[in-house]
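The next block holds one structure in the form of structure tokens; read it before the comments.
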Amino acid sequence: MKIKNLVFRSFLLLFLLLTSTYGFAQSKIVRVLVCKSNTLTISSQGPVIVKAGNKILKREKRLEEIVLKRKSNFIKLGRGRYKTLDFISKGFPISVNDKAYSGNIRMSVRQKQLFAVNYVDIESYLKSVVPSEMFSTWPIEALKAQAVVARTYALYRRAGPSKEYDLCSGVKSQMYKGVDSETSRTNMAVYLTEKMCLYDNRKPVPTYFHSTCGGHTINADSVWGKALDSIEGVDCKFCKDSPHYKWKKSIGRKKLGKILSKKWYELGKIKKIMIVKDKPYRIFIEDKYGKSQVLDMSKFRFLVGSEIIRSNNFKVKVGWFRVKFKGNGWGHCVGLCQWGAHGMALKGYSYKQILQHYYPNLDLKRMF
């Protein structure tokens, strides 16, 4: 009987370690790069355990601010030098450079910098992402749609253990500003859609989203080429209230050539620009000397800058002195149009109907 109890207790302990945030192995934990620098500060108003590998260095009832510095390929903490340091929360947020996050923090040295990676439950993560990506005052059905899309994207991006993190905290992934950005309305949107995701044959997909499409979203493979065909462009008549619905911008022909030349595309004063609607869309550029370049549209937009070319939905004309861009929307225009979701919610559509409109080929199901 004692042996059975011992076996049961051993199994229970192993199970708790594997499924808890404490063990850093919970199945729905996402790893978010929240900061990288040569020097980082970390603190918490509550209890924190500090570990180096399996060794416990400190048990703090309240973690006073610690300054961590990179020393070669190690982290300097007091007199010690460590490859990695884990700061394990006992229920209180942990602050990195004065920004507080739920979950735990792992510090390591990568690319000659200190990396702070937040290990956080996906639902807690979303409580910060939704208000960071969408106005919390918007209709609840739009917020719920955003929660599902952000959850699906995070689930898709969860990488294997060989990688240091799954997502970053900026626009390259999803905006994530920590617990101070949370609101009661967006928390409710996360709660009411708990574990709901979009799938393509039981596989999560990169459910991209953007501010404003300007009338029509774009196929994912038209923007990124090898992107999933399951995200198709759809008509959108709901985002006309967006301040970014239509736009016009221009740039000098000579200045545009200089900008591209700085990025290793040797071009002089621009003479001709054409949009080639292939997969992905490409931009053909020719200067007055006959030299030409072909760039993916997204790369061209990135090089010129989003303040000039605000979306992937535009037309271009080369004038006598300036290159003129006329377009609709803000962002890459793939997937959920946030202002469109806002407009649909105001008209009484549910979050499920919003998602069905922007992702007609995907299935809404609870997380597998």
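Just so it is clear, none of the values below were taken in a lab; they were calculated from the coordinates. Predicted, not measured: the structure shown is a model, and the values here were computed from it. Cβ placement follows ideal geometry from the backbone for every residue including glycine, while neighbour counts extend to all protein chains displayed.
A few points about this structure:
- Contact order, relative form, for the chain: 15 percent (alpha carbon pairs under 8 Å, 6 or more residues apart, mean separation divided by residue count).
- For region 97-102, putting each phi into the Karplus relation 6.51 cos²θ - 1.76 cosθ + 1.60 with θ = phi - 60° gives couplings of 6, 6, 10, 8, 9, 6 Hz, in residue order, rounded to whole numbers and with x for Gly and Pro.
- A dipole drawn for the chain from +1 and -1 charges on Cβ atoms has a positive end, and of L77, Y156, Y358 the residue lying farthest that way is L77.
- Among C239, C168, C213, a tally of other beta-carbon atoms within 10 Å of each Cβ gives an order, fewest to most, of C168, C239, C213.
- A simple charge model with +1 on the Cβ of Lys and Arg, -1 on the Cβ of Asp and Glu and nothing else charged puts the dipole of region 174-227 at about 140 debye relative to its Cα centre.
- The chain - charge dipole about Cα centre, Lys and Arg +1 at Cβ, Asp and Glu -1, debye rounded to 20: 1440
- Per-peptide average of other Cβ atoms within 10 Å, ordering 117-128, 51-62, 277-288 highest first: 117-128, 277-288, 51-62
- DSSP bridge orientation in the chain - percent antiparallel, rounded to nearest 5: 95
- Inter-probe distance in nm under a simple model that places probes 7 Å from Cα toward Cβ, at M274 and N73: 5.2
- Per-residue Cβ neighbour rank within 10 angstrom, fewest leading, D166, D235: D235, D166
- Of V67, V129, V234, the sequence from fewest to most neighbouring Cβ atoms within 10 angstrom is V67, V234, V129.
- In sequence order, region 289-306 has phi-based couplings of 8, x, 6, 9, 9, 10, 10, 4, 4, 4, 5, 4, 4, 5, 5, 6, x, 6 Hz under the Karplus curve 6.51 cos²θ - 1.76 cosθ + 1.60, θ = phi - 60°, and Gly or Pro positions carry x.
- A straight line joining the Cα centroids of region 187-221 and region 296-368 runs 13 Å.
- Cross-link pairs exceeding 26 Å between alpha carbons, from the set K203/K277; K288/K326; K61/K195; K55/K177; K127/K365: K203/K277; K61/K195; K55/K177.
- The per residue volume of the convex hull around the alpha-carbon atoms of region 246-328 is 77 Å³.
- Summing charges over neighbours of Y199, with a neighbour being any other residue whose Cβ is under 13 Å away from its Cβ, gives +4 when K and R count +1 and D and E count -1.
- Charge dipole magnitude, Cβ of K and R +1, D and E -1 - region 246-328, Cα centre, debye nearest 20: 400
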